[in-house]
Amino acid sequence: MPPLLGNPHGRASSSVELCTTICYDVDATQALVYSLPIGEDGWIIMAHTVGILGNVNMDLIMGPLPKLPSWGHELVVPLMETRATGAAGYTAMALDRLGLSTTVVGSIGDDIWGNFIRHEFARYPHADMSGVESVAGVATGLSVALLNQQGQRGFVSFSGALDKLDSQMLARHESLLLAARYILVCGYFFMPALRGDPMHAFLRRARQAGAIVMLDTGWDLDDWPPSTCAEVLSLLTDVDIFLPNIDEAQALVGAGAPQNCAQRLLDRGARAVALKLGAGGSLWADRQQIVVQPGRTVTAVDTTGAGDSFNAALIYGLEQGWGMARTLAFANAFCSVIVSRLRD
């Protein structure tokens, strides 16, 4: 989709010197070369490529479970891990590893977990957390992720400080987001104070600022009643790239083949749809093309954050100016590495 590749909204390009950096793709078989701008003072200009509005919280990962325990019973698992994450957190970390700078707007508690999150993100130099507010007297949001023996997960979540992310808090940090080339809204249902009209207004401002606007709502905590489907579908007219997985897409527009679901979402106003198909790979649809890339066969160990990692890799491919076939192939490969190992 050419308007989403390159410089879609006519932003002026800087004529500064470029510093070439080399990294390697997820298979360590192909060198990827990209350039970072150098300012007049000789420092690299780390203008934030991606602005992320979404949930930052703790994840407590436990498993693998052969089954869920019955009420009153207990199971012991070999794995327990704490992570500073949330949809916004996972995406920012993945983008950092890919060499793209991010700025995150969100809310955490002024507690031990909030301090842990800030400490952990200090390891990610390209992830700016200055827009993540610590809310006094409120606990940080936390999700317990239970893994089964196939690496699939289910969540039990406590929203905590996530409920405090409202229009006033967003206004204090919105300039960070609007300066970015891409703006990703994720964890929509964990930002109840921004649902509906406030989100409509923000998405419009993001489009007016010239950003490529991306939306990944995640799974509806109330299992998609008709009112929620209507709410989400109404947002799509202000979205450049909608990023559901196949279950979310079918919940929104009804059962059907991935290509048909994507077309229905385009009909509701999205400029493009990047559909995550799990082990089946991914699909891109816009008004000019449909591209399908099969997934890689891997043994899944932990699928937590896989969709967020896909989003990060997709943004990376778009930023490189790749065609959609290559971009989806890279995103699939990146996710295959993420789900096939425990995190470092």
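The values are calculated or read from the model by the stated rules, or taken from the named source; none is laboratory data. Here the structure is a predicted model, which means the values were calculated and not measured. Positions of Cβ are generated from backbone atoms using ideal geometry, with glycine treated the same way; all protein chains shown enter the neighbour counts.
Looking at the stretch 224-253 only, could you name the residues that are out of contact with any helix residue (DSSP H, G or I) (no Cβ under 8 Å at 6 or more places or on another chain) and in contact (Cβ under 8 Å) with a residue 24 or more places away in the chain? The answer is Glu231, Thr237, Asp247, Glu248.
Might you check whether a residue that is part of a loop (DSSP other than H, G, I, E, B), within 27 Å of Leu65 (Cβ to Cβ) and at pLDDT 95 or above occurs anywhere in the stretch 111-128? No, the stretch 111-128 contains no residue that is part of a loop (DSSP other than H, G, I, E, B), within 27 Å of Leu65 (Cβ to Cβ) and at pLDDT 95 or above. Being in contact with an Asp or Glu (Cβ under 6 Å, 6 or more places away or on another chain) and either surrounded by fewer than 16 Cβ atoms within 10 Å (Cβ to Cβ) or outside any strand (DSSP E or B) (or both) holds for only one residue in Thr82, Thr103, Thr140, and it is Thr140. Of the residues making up the stretch 237-260, those that are part of a helix (DSSP H, G or I) and within 17 Å of the chain's Cα centre (by Cα) are Ile246, Asp247, Glu248, Ala249. When Met214 is tested against (1) part of a helix (DSSP H, G or I); (2) closer than 12 Å to Val239 by Cα; (3) of a type outside the set (Asp, Glu), just one condition goes unmet, and that condition is (1).
The residues of the stretch 261-271 that are outside any helix (DSSP H, G or I) and among the hydrophobic types (A, V, I, L, M, F, W, C) amount to a single one, Ala270. Look at Asp286 and say whether it is within 20 Å of Val339 (Cβ to Cβ) and buried (at least 18 other Cβ atoms within 10 Å of the Cβ). No: the conditions fail for Asp286. Look at the stretch 173-194: where a residue is at pLDDT 95 or above and among the hydroxyl-bearing types (Ser, Thr, Tyr) and a partner is part of a strand (DSSP E or B) and buried (at least 24 other Cβ atoms within 10 Å of the Cβ), sitting 6+ places away or on another chain with Cβ atoms under 6 Å, you get Tyr182/Val50; Tyr182/Ile212.
Restricting the stretch 196-217 to residues that are touching a residue at least 40 places away in the same chain (Cβ under 8 Å) and out of contact with any strand residue (DSSP E or B) (no Cβ under 7 Å at 6 or more places or on another chain) leaves a set whose member that is surrounded by the most Cβ atoms within 10 Å (Cβ to Cβ) is Phe202. The single residue among Leu221, Leu233 that is in contact with a Lys or Arg (Cβ under 7 Å, 6 or more places away or on another chain), in the same structural domain as His173 (by TED's automatic domain parsing) and surrounded by fewer than 20 Cβ atoms within 10 Å (Cβ to Cβ) turns out to be Leu233. For the stretch 254-278, a residue qualifies if it is surrounded by 15 or more Cβ atoms within 10 Å (Cβ to Cβ) and more than 21 Å from Leu328 (Cβ to Cβ), and exactly one does: Arg268.
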